[in-house]
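Below is a structure I'd like to ask you about.
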Amino acid sequence: MEPLAPHEKIFVDIDIVDDENHGEIACHECHGGNPDDPNWKTAHKGVVKDPTYPDATAACGDCHDEINENYQKSLHVSLRPYKLIMDKRASTNTVIRNKLGCAMNTHCSECHASCGQCHISRPNSVEGGFLDGHLFQKKPPMQEVCTACHGSRIQKEYLGEHEGLLPSIHKKKYMKCDKCHTGEEMHGNGKDYAHRYDVENGPKCVDCHKEIYKREAKNVITHRIHKEKASCHVCHSQPYNNCSACHVGKDEKGLAFFKTKSSWFDFKIGFNPLKSEKRPEKFVTLRHVPADKKTFDFYVKDALSNFDTLPTWKLATPHNIRLKTTQNASCNACHGNESLFLLEKDVEDNEKGANKNVLVPVNLIPKKQKWQPK
Amino acid sequence: MKYFKVIGMAAAFCLVLIPWNTFLCQAYEDTQCFQCHTSAKKLIEATREIAKTRPTVKSAETSGEG
């Protein structure tokens with residue numbers, strides 16, 4: 001997404017005065033500064049660019065009190081799972097952990113959302129700028145907010161931006177992100193989740209596809225047979241984007257940068273690393289994430305000395321769902337098809353330990369079927 | 001009774017027909033913030049001035065997908 005021109009980022013639409021909910025709030029009430037000073041340089045003294053981060057209470061809390069009560073625990077704000085993952089992979093040495101913490105603050109903690117960075121402006125991580133002249137957006141626009149951050153994976157998959165792959169059927173039905181990922185999910189419910197897949201009001205396919213296990217449903221046999229054996233994505237997603245080896249550092253001017261190695265489209269089924277009551281399936285789609293033992297080497301060597309505690313091929317819910325896919329064309333398009341499964345030979349030597357629990361031994365790949373349902 | 005009716009109608013007229021929003025807008029529009037941030041010309045001048053003094057904040061070494 002092209003960044004906005006500097007003046008476009010801060011241009012206010014005069015229609016804001018007609019906003020019956022926010023139009024009566026003067027700029028300085030949220031942003032500070034001196035509204036009577038005609039010199040813009042001195043008028044901006046003390047101005048807060050995003051008055052909704054880290055604490056939105058003063059700016060939004062008076063009216064949106066229910067959301068304000070919980071949003072600090074929204075994963076988009078807290079980034080808690082990310083910190084927990086790093087905690088598990090990190091060395092136990094306190095000095096090293098402190099250095100890792102500094103590196104993460106420089107490179108990782110910037111990628112968060114806030115009330116303002118969804119409902120008023122583009123997120124800071126994509127250089128910000130008002131969405132529509134500071135007019136408040138009840139539903140954040142998908143491409144300027146959601147996929148501005150979730151671009152390399154979700155956007156490419158959902159919109160079908162990779163050659164030879166189709167967009168998600170849900171995109172074809174004109175569904176935007178908020179159709180599945182509701183405001184309630186985004187705003188948090190006050191619980192400190194350890195993983196995004198634990199979020200209670202996160203989307204589930206069966207929320208809409210309620211009928212699939214009913215006797216009269218199409219493909220009911222197939223759905224019943226595979227229930228708790230394979231996630232919906234195993235049968236219904238197309239190949240999806242995988243990333244590798246993120247390294248961070250600072251350049252000669254002291255500016256922070258990151259570099260990732262190659263990314264590639266692939267489709268791999270493996271054992272479910274997050275088996276739970278909500279996700280009981282044995283087989284799930286796995287995505288390679290850009291985790292690397294040496295990510296933070298610029299700051300401190302061996303920062304992630306417990307790297308093998310978590311897989312680098314992680315449970316994934318690709319966003320390019322289709323009714324018909326290559327692997328569900330027939331039973332034996334998947335059964336006995338080694339190329340679809342994450343085998344030991346598919347994993348880099350230095351990541352074999354981390355992925356030992358998700359790799360599928362050849363003898364445990366579902367066997368070819370002689371009988372096939374009509 | 002007659003007076004009450006007249007007063008009541010006058011009050012209703014004031015509440016319903018007078019565009020109270022106009023007064024609020026007036027106050028809003030008077031601020032320096034609003035005058036500058038609703039003028040593309042003023043913003044272009046100011047942001048050009050800022051660009052001259054403020055160094056780049058993004059490293060050119062960033063590469064790959066985030």
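The values are calculated or read from the model by the stated rules, or taken from the named source; none is laboratory data. In this text the structure is predicted, and so the values were computed from the model without any measurement. So basically every Cβ, Gly included, is an ideal-geometry build from the backbone, and we count neighbours across all protein chains shown.
Given the residues A:100, A:75, A:135, which is the only one that is aliphatic (A, V, I, L, M) and within 13 Å of another protein chain (Cβ to nearest Cβ)?
The unique qualifying residue is A:135.
Give the residues of segment A:144-183 that are over 18 Å from residue A:241 (Cα atoms) and surrounded by fewer than 15 Cβ atoms within 10 Å (Cβ to Cβ), sorted by residue number.
Across segment A:144-183, the qualifying residues are A:172, A:173, A:174, A:179, A:182, A:183.
May I ask you to list pairs of residues, at least six apart or on different chains, whose Cβ atoms are under 7 Å apart, with the first in segment B:53-66 being of a type in the set (D, E, K, R) and the second being part of a loop (DSSP other than H, G, I, E, B)?
If the second residue must be part of a loop (DSSP other than H, G, I, E, B), the pairs left are B:58/A:255; B:61/A:251.
What's the number of the only condition in (1) within 19 Å of the chain's Cα centre (by Cα); (2) within 14 Å of chain B (Cβ to nearest Cβ); (3) among the acidic types (Asp, Glu) that residue A:251 fails to meet?
(1)
Can you find even one residue in segment A:100-109 that is at pLDDT 95 or above and either within 20 Å of residue A:10 (Cα to Cα) or in contact with a Cys (Cβ under 7 Å, 6 or more places away or on another chain) (or both)?
no
So for segment A:46-63 (the condition being closer than 28 Å to residue A:189 by Cβ and in contact with a Lys or Arg (Cβ under 9 Å, 6 or more places away or on another chain)), does at least one residue qualify?
Going residue by residue through segment A:46-63, those that are closer than 28 Å to residue A:189 by Cβ are A:48, A:50-63.
Retained after the next criterion (residues that are in contact with a Lys or Arg (Cβ under 9 Å, 6 or more places away or on another chain)): none.
No: segment A:46-63 contains no residue that is closer than 28 Å to residue A:189 by Cβ and in contact with a Lys or Arg (Cβ under 9 Å, 6 or more places away or on another chain).
Still on this structure: Scan segment A:67-84 for residues that are polar (S, T, N, Q) and free of Cβ contacts under 8 Å to residues at least 24 places away in the same chain and report the count.
Selection size over segment A:67-84: 1.
Yes/no per residue for (1) among the basic types (Lys, Arg); (2) within 14 Å of another protein chain (Cβ to nearest Cβ); (3) closer than 30 Å to residue A:103 by Cα; (4) without any contact (Cβ under 8 Å) to a residue 24 or more places away in the chain:
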{"site": "A:212", "(1), (2), (3), (4)": "no, no, no, yes"}
{"site": "A:215", "(1), (2), (3), (4)": "yes, no, no, yes"}
{"site": "A:230", "(1), (2), (3), (4)": "no, no, no, no"}
{"site": "A:263", "(1), (2), (3), (4)": "no, yes, yes, no"}
{"site": "A:268", "(1), (2), (3), (4)": "yes, no, no, no"}
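Additional query: For chain B, which fully contained helices (runs of 4 or more DSSP H) count at least 1 residues that are within 30 Å of residue A:41 (Cα to Cα), of a type in the set (A, V, I, L, M, F, W, C) and modelled with pLDDT of 80 or more? Steps first, answer last, please.
Details: elements: B:2-17, B:20-30, B:32-37, B:40-53.
Where helices (runs of 4 or more DSSP H) fall fully within chain B and carry at least 1 residues being within 30 Å of residue A:41 (Cα to Cα), of a type in the set (A, V, I, L, M, F, W, C) and modelled with pLDDT of 80 or more, they are B:32-37, B:40-53.
Sticking with this one: Name the residues in segment A:305-360 that are free of Cβ contacts under 8 Å to residues at least 12 places away in the same chain, among the basic types (Lys, Arg) and farther than 30 Å from residue A:100 by Cα, would you?
Answer for segment A:305-360, where residues must be free of Cβ contacts under 8 Å to residues at least 12 places away in the same chain, among the basic types (Lys, Arg) and farther than 30 Å from residue A:100 by Cα: A:324, A:345.
For segment A:177-199, how many residues are hydroxyl-bearing (Ser, Thr, Tyr) and touching a residue at least 40 places away in the same chain (Cβ under 8 Å)?
Total meeting the criteria: 2.
With respect to the numbered conditions (1) touching a Leu at 6+ places or on another chain (Cβ under 8 Å); (2) more than 28 Å from residue A:143 (Cβ to Cβ), which one is the sole condition not fulfilled by residue A:10?
Against the list (1) touching a Leu at 6+ places or on another chain (Cβ under 8 Å); (2) more than 28 Å from residue A:143 (Cβ to Cβ), residue A:10 comes up short only on (2).
Sticking with this structure for a sec: Go through segment A:15-39 residue by residue and tally those that are in contact (Cβ under 8 Å) with a residue 40 or more places away in the chain and either at the interface with chain B (Cβ under 8 Å from one of its Cβ atoms) or crowded, with 18+ Cβ neighbours inside 10 Å (or both).
1
Please go through segment A:20-45 and pick out each residue that is among the aliphatic types (A, V, I, L, M) and in a loop (DSSP other than H, G, I, E, B).
A:25, A:26
Hey, another quick one. Would you point out which residue out of A:360, A:300 is in a loop (DSSP other than H, G, I, E, B) and within 28 Å of residue A:204 (Cβ to Cβ)?
When all the criteria are applied, what remains is A:360.
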